Structure formats: structure tokens, C-alpha cells
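Structure first, then comments.
The values are calculated or read from the model by the stated rules, or taken from the named source; none is laboratory data. Note that the structure is predicted; figures quoted are calculated from it, not measured. When we count neighbours, we look across all protein chains shown, and the Cβ atoms used for this are built from the backbone with ideal geometry, even at glycine.
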Amino acid sequence: KKGKLKKSALVDSVIYKSDDNKYYEQVGKEIKEITEEIAFDLPNGWNWCRLKDICSIFTGATFKKEEATTTRQGVRILRGGNISPFELKIKNDDIFLTEDKVKKDILLKENDILTPAVTSLENIGKMARVNSDMSDTTVGGFVFIIRLHLINQWFSKYILYLLSSPFMIDFMKSITNKSGQAFYNIGKERLSIALLPIPPLKEQQRIVAQIEKLFEQLR
């Protein structure tokens with residue numbers, strides 16, 4: 001209605017298993033076989049979907065070095081070093097931009113998932129979730145914000161744990177480009193077509209609860 005979405009963004013893909021035991025993806029009227037892309041069969045009630053069909057993926061603020069300050073005034077800019085596995089860390093040496101340099105739609109919202117877009121090989125797949133709205137904080141241009149269309153904490157946590165799994169980290173490593181000597185660049189377009197196994201919401205709740213229970217025991 002506001003004209004902010006491209007027409008292509010309104011066309012979801014539908015992935016299904018046909019009677020011939022092969023997997024197909026339908027986008028609009030076009031149907032193609034994707035059996036070779038499917039890593040494993042899913043239980044009844046689960047579905048494969050593309051990451052781009054459940055979220056928006058975008059990077060944070062871009063700025064010149066001289067525009068950033070450490071005065072602790074304005075909008076805090078989080079970088080890759082602020083993201084630990086499953087935890088967002090506020091640091092004393094964080095940098096700040098004046099409010100006029102930051103678009104409001106990239107300020108962090110509850111359920112956003114953050115991950116470095118450019119990072120070292122061992123830090124690919126490092127993810128943290130935003131637990132509540134952060135109206136004075138965003139990320140820098142080398143960090144992805146994954147903002148889910150469905151606003152639900154169970155779904156957000158399930159996607160966080162799924163994207164942090166060895167299965168998904170291997171996928172992310174497979175789509176990187178070397179950027180300089182020690183850094184790897186994850187392409188947004190290639191990340192957006194990642195195939196995710198999605199269970200029903202109640203199953204998501206059970207999975208998340210079990211993972212959090214195990215994390216508590218490990219602590």
C-alpha cells in the first residue's frame with residue numbers, strides 16, 4: 001500500500017514433495033525441481049522454506065570514520081565484536097553516530113537476529129537475538145539484521161538456534177567470498193535463499209524449551 005515493497009518481494013516460494021518423491025518449488029506460476037537442494041526429509045507437519053520468505057535481511061549504518069564518536073551520545077553502533085553466540089554485548093568502546101545519520105527503520109527491534117556479514121572464518125554463524133526494542137541502537141554496515149515477518153518470540157528463538165546450528169554454519173561457509181587476507185564476506189542474496197526446516201509453532205516451542213533447558217544445565 002505504501003509502495004515500499006518490490007513486486008518480487010510479494011511472491012513467496014512454495015516447496016512441496018510430490019507423489020514421485022521429488023521436491024519442487026513453485027514461485028508464481030513457475031515450478032522447478034529442487035530435490036538435490038533438500039538435505040533431508042522432514043516429519044509430517046514440517047515444511048522447507050527459503051529464508052527470504054520469512055524475513056527481511058539488511059545491513060546497518062554506513063558512515064565515515066570521522067563521523068563516529070565515543071561520546072556515548074546519539075545512536076550506539078554495534079559491530080561484529082559485540083555479537084557473541086546467543087548474546088549481545090554492550091562495550092565501553094562502542095561508537096556512536098548522531099541521530100540524523102541513522103535511518104529509523106534500522107534501529108533494533110525485539111526478535112531481530114544479528115550476525116556478522118564480514119568476519120573471520122571461525123566467527124561465521126555467530127548469532128545473537130535482540131530481546132527488547134533498542135530505540136537508540138543499531139549495527140554497522142558489516143552486520144546483518146534478520147527481521148522476521150512473524151512477530152513471535154518462539155519463532156524468533158527457533159530461527160536463532162537453527163541459524164546457529166552446524167548444518168546452517170556449513171551452508172554459510174559454503175557461500176562466502178574471501179575479503180582480504182583474514183575476512184570472509186557472506187552475500188545477502190545467497191544467504192536469503194538458504195533452505196530452512198520449519199516445524200509447527202507448538203513444536204518450535206518444545207524445541208526452544210529443550211535447548212534452553214540444556215543450556216541451563218551446561219552453565
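For segment 118-138, which positions are under 17 Å from Ile159 (Cβ atoms) and small (Gly, Ala, Ser)?
Gly125, Ala128
Just to check your reading of the model, which residue among Glu36, Glu66, Glu110 is outside any strand (DSSP E or B), touching a residue at least 12 places away in the same chain (Cβ under 8 Å) and more than 20 Å from Pro166 (Cβ to Cβ)?
Values: Glu36 fails: touching a residue at least 12 places away in the same chain (Cβ under 8 Å); Glu66 fails: touching a residue at least 12 places away in the same chain (Cβ under 8 Å).
Only one candidate passes the filter, namely Glu110.
Got a sec? Which of Ser56, Ser84 is small (Gly, Ala, Ser), touching a Lys or Arg at 6+ places or on another chain (Cβ under 6 Å) and within 26 Å of Arg147 (Cβ to Cβ)?
Values: Ser84 fails: touching a Lys or Arg at 6+ places or on another chain (Cβ under 6 Å).
None of the other options fit; the residue is Ser56.
Which residue, of Ser156, Ser120, Ser179, Ser132, is polar (S, T, N, Q) and under 14 Å from the mean Cα position of the chain (by Cα)?
Working: Ser120 fails: under 14 Å from the mean Cα position of the chain (by Cα); Ser179 fails: under 14 Å from the mean Cα position of the chain (by Cα); Ser132 fails: under 14 Å from the mean Cα position of the chain (by Cα).
Residue meeting the stated conditions: Ser156.
Of Ile145, Ile159, which residue is assigned to a strand (DSSP E or B), crowded, with 21+ Cβ neighbours inside 10 Å, among the β-branched types (Val, Ile, Thr) and touching a residue at least 60 places away in the same chain (Cβ under 8 Å)?
So the residue among Ile145, Ile159 that is assigned to a strand (DSSP E or B), crowded, with 21+ Cβ neighbours inside 10 Å, among the β-branched types (Val, Ile, Thr) and touching a residue at least 60 places away in the same chain (Cβ under 8 Å) is Ile145.
Would you confirm whether or not segment 210-217 contains a residue that is in contact (Cβ under 8 Å) with a residue 60 or more places away in the chain and surrounded by 13 or more Cβ atoms within 10 Å (Cβ to Cβ)?
no
Which residue pairs have Cβ atoms under 6 Å apart, sit 6 or more places apart or on different chains, and have a first residue in segment 80-98 that is within 17 Å of Arg129 (Cβ to Cβ) and a second that is part of a loop (DSSP other than H, G, I, E, B)?
What qualifies is Asn82/Lys89; Ile83/Lys126; Pro85/Lys126.
Out of all the residues in segment 74-92, is one or more basic (Lys, Arg), in a strand (DSSP E or B), within 22 Å of Arg190 (Cα to Cα) and touching an Asp or Glu at 6+ places or on another chain (Cβ under 9 Å)?
no
May I ask you to list the residues in segment 1-55 that are at pLDDT 95 or above and among the aromatic types (Phe, Trp, Tyr)?
Tyr23, Tyr24, Trp46, Trp48
Between residues in segment 127-138 that are closer than 18 Å to Leu160 by Cα and in contact (Cβ under 8 Å) with a residue 12 or more places away in the chain and residues that are part of a loop (DSSP other than H, G, I, E, B) and among the polar types (S, T, N, Q), which pairs lie under 9 Å by C-beta distance while being six or more apart or on different chains?
Pairs that qualify, where the first residue is closer than 18 Å to Leu160 by Cα and in contact (Cβ under 8 Å) with a residue 12 or more places away in the chain and the partner is part of a loop (DSSP other than H, G, I, E, B) and among the polar types (S, T, N, Q), are Met127/Ser164; Arg129/Asn111; Val130/Asn111; Asn131/Asn111.
Give me the residue from segment 162-188 that is aliphatic (A, V, I, L, M) and without any contact (Cβ under 8 Å) to a residue 60 or more places away in the chain and, out of that set, nearest to Leu201 (Cα to Cα). First the steps, then the outcome.
So in segment 162-188, the residues aliphatic (A, V, I, L, M) come out as 162-163, 168-169, 172, 175, 182, 186.
Next, only the ones that are without any contact (Cβ under 8 Å) to a residue 60 or more places away in the chain stay: 162-163, 168-169, 172, 175.
On the way: Leu162: 14, Leu163: 17, Met168: 20, Ile169: 23, Met172: 25, Ile175: 29 Å.
Per the criteria, the residue is Leu162.
Given the criteria farther than 13 Å from Thr119 by Cα and polar (S, T, N, Q), does Ser179 qualify?
Details: farther than 13 Å from Thr119 by Cα: no; polar (S, T, N, Q): yes.
Taking the combined requirement at face value, the residue does not satisfy it.
Condition first: of a type in the set (Val, Ile, Thr) and either in contact with a Leu (Cβ under 6 Å, 6 or more places away or on another chain) or surrounded by fewer than 16 Cβ atoms within 10 Å (Cβ to Cβ) (or both). Now tell me which residues in segment 92-136 satisfy that.
Let us first name the residues in segment 92-136 that are of a type in the set (Val, Ile, Thr), namely 95, 98, 102, 106, 113, 115, 118-119, 124, 130.
If the condition is that a residue be of a type in the set (Val, Ile, Thr) and either in contact with a Leu (Cβ under 6 Å, 6 or more places away or on another chain) or surrounded by fewer than 16 Cβ atoms within 10 Å (Cβ to Cβ) (or both), then Thr98, Ile113, Val130 are the ones that fit.
May I ask you to verify whether Lys173 is in contact with a helix residue (DSSP H, G or I) (Cβ under 9 Å, 6 or more places away or on another chain) and of a type in the set (D, E, K, R)?
Values: in contact with a helix residue (DSSP H, G or I) (Cβ under 9 Å, 6 or more places away or on another chain): yes; of a type in the set (D, E, K, R): yes.
It is true that Lys173 is in contact with a helix residue (DSSP H, G or I) (Cβ under 9 Å, 6 or more places away or on another chain) and of a type in the set (D, E, K, R).
Against the definition (assigned to a strand (DSSP E or B), touching a strand residue (DSSP E or B) at 6+ places or on another chain (Cβ under 8 Å) and farther than 17 Å from Gly80 by Cα), how does Leu196 come out, yes or no? Break it down into steps so the answer makes sense when it comes.
Details: assigned to a strand (DSSP E or B): yes; touching a strand residue (DSSP E or B) at 6+ places or on another chain (Cβ under 8 Å): yes; farther than 17 Å from Gly80 by Cα: yes.
The answer is yes for Leu196.
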